[in-house]
Amino acid sequence: MLKYFVPEDNETNDIAVHEKIREQIKEPVNTENDKPSSREEIASVIKTINPKTSGEDRLTSETLLRVFRSVQSFLIEVCNKCLTEGSFPRQWKKSSPNCKAGERRNRDASKYVPVSLLNVVGKVLGRLIICIMCIPVLI
């Protein structure tokens, strides 16, 4: 399945757009440091995550949102520290790979889609990173 869904990254197959992207990422972008993520940003990110799915930690976004008030200072500090240092904890990258059937259960392997469920706190940090990367583009 991996060979089908995740092609190799081979520079010899690059088209002009890929070559331009590879050239652009060689030099760091000269921008101001990003502001730390706020309580509101993190809470809104948690609300966008599917409330029923969980990764290896078995924690759902629904549960995290319920306890957010109790752990908000810690979560905000950890997320901002990760963003400042450019780190992403290894445990948050671990996923629970599953195969999800299409509309109906089927014995045909081609009808299944590989799905990797990440830990919810890793999803929060990942979406914060996406928000930071996309905001300058939107302005």
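Where a number appears in this text, it was derived from the coordinates with a stated rule and is not lab data. Predicted, not measured: the structure shown is a model, and the values here were computed from it. Quick reminder, even Gly has a Cβ in these numbers, built from the backbone with ideal geometry, and neighbours come from all protein chains shown.
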For the stretch 65-132 the GluC sites (Glu not before Pro) that pass both the DSSP coil test and the at-most-11 other-Cβ-within-10 Å test are GLU103
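Can you flag which of LYS47/LYS94; LYS35/LYS100; LYS26/LYS93; LYS26/LYS100 are past 29 Å Cα-Cα? All intermediate terms of the calculation are to be shown ahead of the outcome.
On the way: LYS47/LYS94 21 Å; LYS35/LYS100 38 Å; LYS26/LYS93 25 Å; LYS26/LYS100 38 Å.
LYS35/LYS100; LYS26/LYS100, as the Cα separations exceed 29 Å there.
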When LEU117, LEU64, LEU125 are arranged by how many other beta-carbons sit within 10 Å of their Cβ, fewest first, they go LEU117, LEU64, LEU125
Neighbour-count ranking for VAL124, VAL113, VAL17, VAL45 (other C-beta within 10 angstrom, fewest to most) reads VAL17, VAL113, VAL45, VAL124
About its Cα centre, the stretch 48-110 carries a charge dipole, from +1 on Lys and Arg Cβ atoms and -1 on Asp and Glu Cβ atoms, whose size in debye to the nearest 20 is 240 debye
Ranked on Cβ counts within 10 Å of their own Cβ, fewest leading, PHE88, PHE74 go PHE74, PHE88
